[in-house]
Amino acid sequence: MVSKLVRKNCHLIFSHPYLYLCFLTIVTIALGYFYTRLPIETSAESFIIENDPDRVFYQEFKDQFGNDQFLVVGYESNEIFRRSFLEKISRLTGDLENIQGVKEVVSLTSVEDILGTETDFIVQPLVPSGTEGNVDGHRLLDRIARNPLIRGNIVTDDGTAALFLIRTSVREGDIDFDAHLVDAVRATLNRSPDIPDNVEFHIAGWLMTDTSLASYMNRDMALFMPLTYLMIAVLLWIFLRNVPAMVLSLVNISVCLVWTMAFLFFTGGAMSPLTSILPPLIMALAVSDSIHILQKFLQTSVKNIEVRIEEVMQHLAVPCFLTSLTTAIGFSSLGFSDIPPIRHFGLAAAGGMLAEFYLSVTLIPLGLWLWGSKRPIAVQSTGVSNGIQRTSAWTGRTVTTWHRPILVASLVTIVLCAYGATQIMVETNLLEYFEKDSPIRRDNDFIDRRLGGVNTLEISLRSSQPEYFLDPVHTKKIKGISDYLQNLATVSKTTSLIDFLEQMNQAFHADQQEYHVLPASRELTAQYLLLYDGDELSNFVNQDYSWVRISARVTEHNSKKLEQIISDINRFLARTIDDPSLTVHITGKTFLANKLVKSIVESQVKSLSAAFIIIFLVLFLVFRSVRLGFISILPNAVPIIINFGIMGFFDIPLNTATAIISAVALGIAVDDTIHFLIEYQLQRAGGKQRSEAILASIREKFSPMLSTSLILVFAFGILVFSSFVPTVQFGLLCALIMLTALIGDVAVLPAVLMIGETKATKLKHHIA
């Protein structure tokens, strides 16, 4: 049926070539518009299931306590408490607050301090505006030492490092807002003339991570596209040595790329660090059918251009359709993922592969006809393929002679790599996207090491009863949870309502340290909260005192360790909270990002299982042979298992990029298996013995299999130039899979086919 449709398509192309050309041009321009409308998404929240209850609650949590889009700017100096330095910090605080999009800046000079007497207290900046020159450094140190809301939060205990906490507003629909804000903050810090040259600022926070991801992604896209085009053009020339064929291939790749990226828009996807892999991937895959079609065309000596094109398309229609279909199945299996970017990536790539087949059987014949009808397209010279033919002949003799050792080596490799696969870890920390010596990693390391970290785990305590947390019985619950968190090795500092109440109680009693405890009565608590006229407390309790937040700053980023910490906290909360009117949630960006661990593993299992079952079901139906269906499994299982083994042995984690490798690679790797087995069936149907059919199949298919595999290896290899570690890992692993898949198809697959070949038949073949 596919062959008939392709033949009819060829006749239509020959009859109405310019109508076809106009149609393809209009469709490509229209889809190109949607390509340009793709949004950019780098937030960790984009990886969470859209309707996930934790994500829904997190949004409600942010609506109450404020958006967590903030920046932390850390610095260190031995002169922090000198009057001249504080004056500079005060001026810089004002400059930062004047940046459009900055809502508030908390710094050493602007942070709230609670001062009191025996009858009252007031809330004012630690260094009131206009008094910087009159600051008593010793008195300031004493104030900080008495206030845990400042000590360990804004300035280190030893007074040699401090930070600016920059809270920002949100601009919905303005995709460039965050980047412009970060650039403005960086420019303000760099041009400040007052700050000594030896003071270095370190900028960190989720906002910084998100904008860095976007910046690095744009850099990757600008690098990948020209490099991929250059690499493909060079390899096409090496394998084809024909200008019209090379140009047609590049045009086919370009149109397919535009269509695929438009499909990404239609799936609801966006440009992200994960989907930035899509363009070079699709470009490399689109060249596969082009190579098979054009090499066959260049090797065909029929003079009539229409007959020549139709003969080639008839011969390759079914295998090209099946390879595109199985690759699309591999991609579409990612549609089972609960992680939106992975799902969008898979569906867009699947659509791209189906578009690739349509374009290969339409655009390439159209281009060959338009070019060939005006001037002849030369047949490929024998000198181009002589070396490859000699290599294929040697390969055929080797695998038919040594098929048993090849099978034993394959099984040993599978066993070793299966063990390595058990060592794979899962990692969802977005900082791991960046190389260890990158500026963002260095800045985060500084904040973690000197200032208690920038990431937080948020604990939400919410009651159905108004003024619930005015009762000392209930504030003690907050105290118990806060103390538990503070005693965890990975928690550097906790902040909650109790810190404010204890500080107010101390201030109310003439700053006597022994009164740094919770108020003893509901009335006293209510009185303190009525007297408080600052702004900071609203970040930790709502207006009717029924909902509070405990914020725990953490210095741990490893997913496995964070998962254990979260599990321990959950068990503690379950033991501690026994009030049915009180609901408790762990939330925050750090919590949501860590939740990806389970989603990634589940996504890997579901997508790989779906791809494996559907692809091999298709193969069983296509070959109409249970034996060939099972035979096709081993050479394609080997590269996948090797991939997992290498990940385990070399500590390459399962993350949002590497999680898609297996399903993608399975769909790609099976392509050459299909081409080989269809050719093998044709040879067997022609009356050849098994070993003769294998040799003939290798001779016929070795060149296009080698060329497409090498193009894929180099295309994936380009990803090693990425700014993102997972993308580099994805590129290296996929390149390795393409090599091992080639070995599987030209060595393991023939070796499996040789099982059952009698010695007499082999002897007859070798004598011949």
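Of all residues in region 58-85, those that are under 21 Å from Leu96 (Cβ atoms) have Cβ atoms under 6 Å from Cβ atoms of residues that are surrounded by 16 or more Cβ atoms within 10 Å (Cβ to Cβ) and of a type in the set (Phe, Trp, Tyr), 6 or more apart or on another chain, in Val73/Phe164; Val73/Phe201; Gly74/Phe446; Tyr75/Phe201; Glu79/Phe85. Scanning region 427-480 for residues that are in a helix (DSSP H, G or I) and farther than 29 Å from Met208 by Cβ yields Tyr468, Phe469, Leu470, Pro472, Val473, His474, Thr475, Lys476, Lys477, Ile478, Lys479, Gly480.
Exactly one residue out of Leu281, Leu325, Leu264, Leu274 is out of contact with any Pro (no Cβ under 6 Å at 6 or more places or on another chain) and at pLDDT below 85: that is Leu281. Of the residues screened, Asp535 is not one that is at pLDDT 90 or above, of a type in the set (Asp, Glu) and closer than 22 Å to Val111 by Cβ.
May I ask you to verify whether Asp511 is assigned to a loop (DSSP other than H, G, I, E, B) and within 19 Å of Ile150 (Cβ to Cβ)? The answer is yes for Asp511.
Yes/no matrix, rows are residues, columns are (1) surrounded by 20 or more Cβ atoms within 10 Å (Cβ to Cβ); (2) farther than 15 Å from Ser192 by Cβ; (3) at pLDDT 85 or above; (4) aliphatic (A, V, I, L, M):
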residue	(1), (2), (3), (4)
Lys103	no, yes, yes, no
Asp113	yes, yes, yes, no
Thr117	no, yes, no, no
Gly130	no, yes, no, no
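Among the residues of region 669-687, some residue qualifies, meaning at least one is modelled with pLDDT of 85 or more, farther than 30 Å from Leu430 by Cβ and among the polar types (S, T, N, Q). Per the listing Thr327, Thr300, the residue uniquely surrounded by fewer than 22 Cβ atoms within 10 Å (Cβ to Cβ) and of a type in the set (Val, Ile, Thr) is Thr300. Would it be correct to say that Ile640 is surrounded by fewer than 20 Cβ atoms within 10 Å (Cβ to Cβ), assigned to a helix (DSSP H, G or I), within 30 Å of the chain's Cα centre (by Cα) and among the hydrophobic types (A, V, I, L, M, F, W, C)? Here the answer is no, as Ile640 does not meet what is asked. For Ile652, the conditions (1) surrounded by fewer than 20 Cβ atoms within 10 Å (Cβ to Cβ); (2) at negative phi all hold with the exception of (1). Remark: pairs (first residue in region 468-483, surrounded by fewer than 16 Cβ atoms within 10 Å (Cβ to Cβ); second residue outside any helix (DSSP H, G or I) and of a type outside the set (A, V, I, L, M, F, W, C); Cβ separation under 9 Å; 6+ apart in sequence or on different chains) = Asp483/Thr494.
If I ask for residues that are closer than 17 Å to His585 by Cα and either in contact with a Phe, Trp or Tyr (Cβ under 6 Å, 6 or more places away or on another chain) or assigned to a helix (DSSP H, G or I) (or both), which ones from region 484-503 would you list? Tyr484, Leu485, Ser496, Leu497 - these are the residues of region 484-503 that are closer than 17 Å to His585 by Cα and either in contact with a Phe, Trp or Tyr (Cβ under 6 Å, 6 or more places away or on another chain) or assigned to a helix (DSSP H, G or I) (or both).
Here region 520-540 is the region considered, the condition is being free of Cβ contacts under 8 Å to residues at least 60 places away in the same chain, over 17 Å from Gln124 (Cβ atoms) and not polar (S, T, N, Q), and the residue that is surrounded by the fewest Cβ atoms within 10 Å (Cβ to Cβ) is Leu530.
Among the residues of region 627-647, some residue qualifies, meaning at least one is among the aromatic types (Phe, Trp, Tyr) and under 20 Å from Thr323 (Cβ atoms). Annotation: of all residues in region 548-571 being acidic (Asp, Glu) and closer than 16 Å to Asn487 by Cβ, the one that is surrounded by the most Cβ atoms within 10 Å (Cβ to Cβ) is Glu556. All conditions but one from (1) polar (S, T, N, Q); (2) surrounded by fewer than 18 Cβ atoms within 10 Å (Cβ to Cβ); (3) closer than 22 Å to Phe321 by Cβ apply to Ser609; the one that does not is (3).
Residue-wise test of (1) modelled with pLDDT of 95 or more; (2) in contact with a Leu (Cβ under 8 Å, 6 or more places away or on another chain).
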residue	(1), (2)
Asp544	no, no
Trp547	yes, yes
Val554	no, yes
Lys560	no, no
Ile566	no, yes
Asn570	no, no
Thr576	no, no
Leu582	no, yes
Thr587	no, no
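Counting only helices (runs of 4 or more DSSP H) that sit completely within region 225-337, those holding 1 or more residues that are touching a Gly at 6+ places or on another chain (Cβ under 7 Å), closer than 18 Å to Trp369 by Cβ and not aromatic (Phe, Trp, Tyr) correspond to 243-266, 305-332. Can you confirm whether region 405-424 contains a residue that is surrounded by fewer than 16 Cβ atoms within 10 Å (Cβ to Cβ), in contact with a helix residue (DSSP H, G or I) (Cβ under 6 Å, 6 or more places away or on another chain), of a type in the set (S, T, N, Q) and at pLDDT 85 or above? So far as region 405-424 goes, yes, one or more of its residues are surrounded by fewer than 16 Cβ atoms within 10 Å (Cβ to Cβ), in contact with a helix residue (DSSP H, G or I) (Cβ under 6 Å, 6 or more places away or on another chain), of a type in the set (S, T, N, Q) and at pLDDT 85 or above.
Does Asp511 meet the test of being on the phi > 0 side of the Ramachandran plot, touching a residue at least 24 places away in the same chain (Cβ under 8 Å) and buried (at least 19 other Cβ atoms within 10 Å of the Cβ)?
When the stated conditions are applied, Asp511 passes them.
Got a sec? Which of Val318, Val307, Val255 is more than 29 Å from Thr658 (Cβ to Cβ) and within 30 Å of the chain's Cα centre (by Cα)? Val255 is the lone residue from the list that is more than 29 Å from Thr658 (Cβ to Cβ) and within 30 Å of the chain's Cα centre (by Cα).
Out of Val626, Val605, Val584, I need the residue that is within 27 Å of Arg690 (Cα to Cα) and aliphatic (A, V, I, L, M). Which one?
Exactly one residue qualifies, and that residue is Val626.
Quick check: anything in region 230-252 within 30 Å of Phe336 (Cα to Cα) and at pLDDT 85 or above? So far as region 230-252 goes, yes, one or more of its residues are within 30 Å of Phe336 (Cα to Cα) and at pLDDT 85 or above. Pairing each residue of region 695-708 that is modelled with pLDDT under 85 and in a helix (DSSP H, G or I) with any residue that is crowded, with 22+ Cβ neighbours inside 10 Å and charged (D, E, K, R), provided the two are 6+ apart or on different chains, yields C-beta distances under 8 Å for Lys701/Asp672; Met705/Asp672; Met705/Asp745; Thr708/Asp671; Thr708/Asp672.
Could you list all residues from region 12-24 that are under 21 Å from Val312 (Cα atoms) and surrounded by fewer than 12 Cβ atoms within 10 Å (Cβ to Cβ)? Across region 12-24, the qualifying residue is only Ser15. In region 209-221, is there at least one residue being over 30 Å from Ile388 (Cα atoms) and in contact with an Asp or Glu (Cβ under 7 Å, 6 or more places away or on another chain)? Yes, region 209-221 has at least one match. Put simply, of Leu497, Leu470, Leu431, Leu501 the only residue that is under 23 Å from Tyr58 (Cβ atoms) and at pLDDT 90 or above is Leu497.
The values are calculated or read from the model by the stated rules, or taken from the named source; none is laboratory data. Predicted model only: the values in this text are computed from it and were never measured. Using ideal geometry, Cβ is built from the backbone for each residue, glycine included, and neighbour counts are taken over all protein chains shown.
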